[in-house]
Amino acid sequence: MLLAAPSALAANGLVGAFGFEEASGSAVTDASGTGNSGSISGATRSASGRFGKALTFDGVNDRVTIPDAASLDLTSAMTLEAWVRPTRVDDWRTVLLKERTNGLAYALYAGASSNRPSTEGAGVESRGPSALPLDTWSHLAASYDGAKLRLFVNGTQVASKNSTSGLTTSSGALRIGGNAVWGEYFKGRIDEVRVYNRALTATEIAADLAAPIVDTQPPSAPGTLTRTVEGDDVQLNWGAATDNVGVTSYRVYRNGALYDETPETSYRDIDRPVGSATYKVVAVDAAGLAGPASNTVTATITPDTTAPTVSLPNACNGATIQGFSYAQVAYSDNRGPVTLTVKVDGATIHGPVTKGVSGTELVPWNTRTVADGPHTMVAIARDAAGNETVSAPCQWTVDNVAVGVSLAQPLNNATVGGTVTLSAQPTGDGQPVNGSPVDFVRFRIDGQEIGAAFWAPYETQWDTTTVPDGTHEIAVEVIWSGYFTPLATQTITVNVDN
């Protein structure tokens with residue numbers, strides 16, 4: 001786990017710090033700031049570390065390699081630390097080892113030939129009195145101050161050996177979890193590996209034991225920030241920043257104040273008012289550390305004086321239509337959004353409805369709301385700045401079928417009794433219509449529906465005994481295809497006498 005601020009006790013002399021907090025991949029990043037990053041071979045990432053994540057080693061051939069560097073060539077002093085959760089401690093089990101030809105410069109083991117933890121360096125070995133527990137996290141540390149090599153388990157010194165010979169430098173790699181000299185592969189999990197070029201005190205080791213590795217290195221500045229003004233929007237793009245652990249987000253500043261944050265390397269500031277604004281971007285890493293700002297750019301939004309375009313289909317002029325008709329309205333604007341309104345003879349039949357920058361809108365029109373004859377349709381487009389355009393007028397000629405219906409029986413003012421057949425005939429332009437476009441015919445007695453006929457002959461039966469003797473009203477309604485209310489109704493009166 002990487003935190004945002006370093007421990008004052010642990011910062012001095014840290015030349016390698018590996019918390020294994022990378023999200024994925026084979027890279028191992030060094031949080032010490034010295035750049036001693038490495039790579040994983042075989043070991044897998046685990047979410048169950050001592051702090052945050054860890055690496056799991058199979059005890060067969062898994063290891064991490066940190067290339068040789070001058071900062072890792074320790075001479076007169078050192079401290080090696082790691083949290084380990086071994087599943088085997090028999091024989092030699094490498095936690096950390098700096099290789100040299102046919103040997104080692106310094107090392108920390110979770111187990112040795114006697115199954116006990118051990119450290120080697122300065123020509124001596126210091127071995128603990130008892131084995132580490134299995135499947136349990138233990139903190140191992142080794143320190144050398146030029147006179148004594150000490151071994152610590154869970155913050156307590158458990159062994160030491162005198163030596164004034166100093167540490168051996170080498171050109172070999174630093175290995176975690178195994179080595180290329182003898183193998184000695186670790187089995188289990190390793191977390192929070194630290195290497196210092198000085199001997200920490202017991203108090204400092206205890207402080208490290210209680211805290212995760214911290215990231216002290218902020219990201220770099222993002223790559224060159226550019227801006228493009230597109231209408232009322234400002235499009236920002238920049239190059240990716242780099243970081244020893246990983247960049248997680250970018251903070252976008254507008255006019256010097258934090259405005260938003262994004263994981264992407266681009267950002268769109270939409271619907272900006274007229275005027276100028278400055279922008280800069282700062283990268284943030286997984287530890288919450290912010291790097292230096294990018295270059296600053298200025299974006300200027302100018303007033304919108306361009307009116308939208310809007311048009312109706314050319315085919316409408318002179319066209320004869322009936323029933324429900326549709327007009328396709330095309331619109332566009334340099335910025336948008338566009339608000340559309342469609343009118344017929346000055347009366348609104350559609351809208352206002354807000355749309356995007358450009359497109360088409362299919363506008364329905366029930367022509368039965370107007371009289372037969374010529375009618376004028378226009379479309380009106382208005383943008384966010386108030387610029388407005390009225391389309392060229394479109395002339396339609398409405399010629400709807402005159403829908404009618406007559407009650408064939410009984411006759412008006414007839415006297416009826418018992419069960420009576422009610423029979424109706426729909427008409428269109430005065431001619432009988434049986435079937436489409438008639439949907440159905442509905443019959444009512446005194447306003448109450450008593451039946452419906454969906455095909456010719458359009459009839460239903462009425463039991464007159466369900467009403468009292470006397471005068472009653474019969475109504476017949478025809479429902480035309482595409483409509484939900486009657487287009488024609490006939491009403492008569494009969495006298496019931498049972």
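Every read-out reported here was derived from the displayed coordinates using simple, explicitly stated rules and does not represent laboratory data. Fair warning: this is a prediction, and the values are worked out from it, not measured in the lab. Cβ placement follows ideal geometry from the backbone for every residue including glycine, while neighbour counts extend to all protein chains displayed.
Calculate the translational D of segment 131-182 in whole µm² s⁻¹ from Stokes-Einstein, where the hydrodynamic radius comes from the Kirkwood formula applied to all Cα pairs, the temperature is 10 °C and the viscosity 1.306 mPa s.
Estimated via Stokes-Einstein, D reaches 119 µm²/s.
Which whole-Hz ³J(HN,Hα) couplings does segment 172-189 yield from phi under the Karplus relation 6.51 cos²θ - 1.76 cosθ + 1.60, θ = phi - 60°, glycine and proline marked x?
x, 6, 8, 10, 10, x, x, 9, 8, 8, 10, x, 6, 7, 7, 10, x, 10
When only C-alpha pairs under 8 Å and at least 6 residues apart count, what is the relative contact order of segment 109-227, in percent?
19
Just round it to a whole percent: the fraction of Cα-Cα distances in segment 260-370 exceeding 21 Å.
When all Cα pairs of segment 260-370 are counted, 59 percent exceed 21 Å.
Rounded to whole Hz and in sequence order, give me ³J(HN,Hα) for segment 211-226 from the Karplus expression 6.51 cos²θ - 1.76 cosθ + 1.60, θ = phi - 60°, writing x for Gly and Pro.
9, x, 5, 10, 9, 10, 10, x, x, 6, 5, x, x, 3, 8, 10
Provide, in order from the shortest bin, the percent of all Cα-Cα pairs of segment 309-398 in each 5 Å bin, continuing until the bin that contains the maximum pair distance.
Calculated over all Cα pairs of segment 309-398, the distribution is 3, 15, 28, 25, 15, 9, 5, 1 percent.
Quick check on packing: order 220-226, 365-371 by the mean number of other C-beta atoms within 10 Å, highest mean leading.
220-226, 365-371
Using Cβ counts within 10 Å as a stand-in for footprinting exposure, how do 321, 270 rank, fewest first?
Least to most surrounded, the residues fall as 270, 321.
Give, rounded to the nearest 20 debye, the magnitude of the charge dipole that segment 319-374 has about its Cα centre when Lys and Arg contribute +1 at Cβ and Asp and Glu contribute -1 at Cβ.
For segment 319-374, the charge dipole is close to 120 debye.
Near residue 48, within a Cβ-to-Cβ distance under 15 Å, what is the net charge of the other residues, with Lys and Arg +1 and Asp and Glu -1?
+1
Computed from the mean reciprocal separation of all distinct C-alpha pairs, what Kirkwood hydrodynamic radius does segment 351-453 have, in Å?
18.7
Quick check: net charge around residue 125, other residues with Cβ under 14 Å of its Cβ, Lys/Arg +1 and Asp/Glu -1?
+3
Please enumerate, by chain and number, the lysines with C-alpha under 18 Å from the C-alpha of residue 161, excluding those fewer than 8 residues away in the same chain.
Filter leaves 148.
What does the highest-first list of 184-191, 18-25, 67-74 look like by mean Cβ count within 10 Å?
184-191, 18-25, 67-74
Could you check how many percent of all C-alpha pairs in segment 1-126 are farther apart than 27 Å?
18
Pairs of Cα atoms under 8 Å, at least six residues apart: use those to get the relative contact order of segment 403-496, whole percent.
It comes to 35 percent, rounded to a whole number.
So how do 428-434, 250-256 stack up, highest first, on mean other-Cβ count within 10 Å?
Output ranking for 428-434, 250-256: 250-256, 428-434.
May I have the convex hull volume per residue, in Å³, for the Cα set of the chain?
So the per-residue Cα hull volume is 274 Å³.
Please work out the C-alpha center-to-center distance from segment 380-432 to segment 74-130 and express it in whole Å.
For segment 380-432 versus segment 74-130, the Cα centre distance is 97 Å.
Relative to 2.2 N^0.38 Å, what does the C-alpha radius of gyration of segment 226-301 come to as a ratio? Two decimals please.
1.10
What do you get for Rg/Rh of segment 403-496 when both radii come from the Cα atoms and Rh is the Kirkwood radius?
That ratio is 0.97, to two decimals.
Quick one: 3J(HN,Hα) in Hz for segment 231-244, Karplus 6.51/-1.76/1.60 with θ = phi - 60°, rounded, Gly and Pro as x.
x, 8, 10, 10, 9, 10, 9, 8, x, 5, 7, 10, 7, 5
Where a Cα-Cα gap under 23 Å defines reach, which lysines qualify for residue 343, not counting those fewer than 8 residues away within the same chain?
Partners found: 355.
Any lysines with Cα under 20 Å of the residue 187 Cα? List them, leaving off those in the same chain fewer than 8 positions away.
53, 98
Put +1 on the Cβ of every Lys and Arg and -1 on every Asp and Glu Cβ in segment 343-411; which of 401, 353, 375 then has its Cα farthest towards the positive end of the dipole?
353
Pairs of alpha-carbon atoms within less than 8 angstrom and 6+ residues apart define the contacts here; what relative contact order does the chain have, in percent?
Across the chain, relative contact order equals 11 percent.
What are the extents of the Cα atoms of segment 66-190 along their three principal axes, in Å, largest first?
Principal axes ranked by extent give 35, 28, 22 Å for the Cα atoms.
Using modelled amide H (1.01 Å from N, peptide plane; none on Pro or chain starts), what sits under 5 Å from the amide H of residue 295, excluding residues fewer than 5 places away?
Long-range HN contacts for residue 295: 225.
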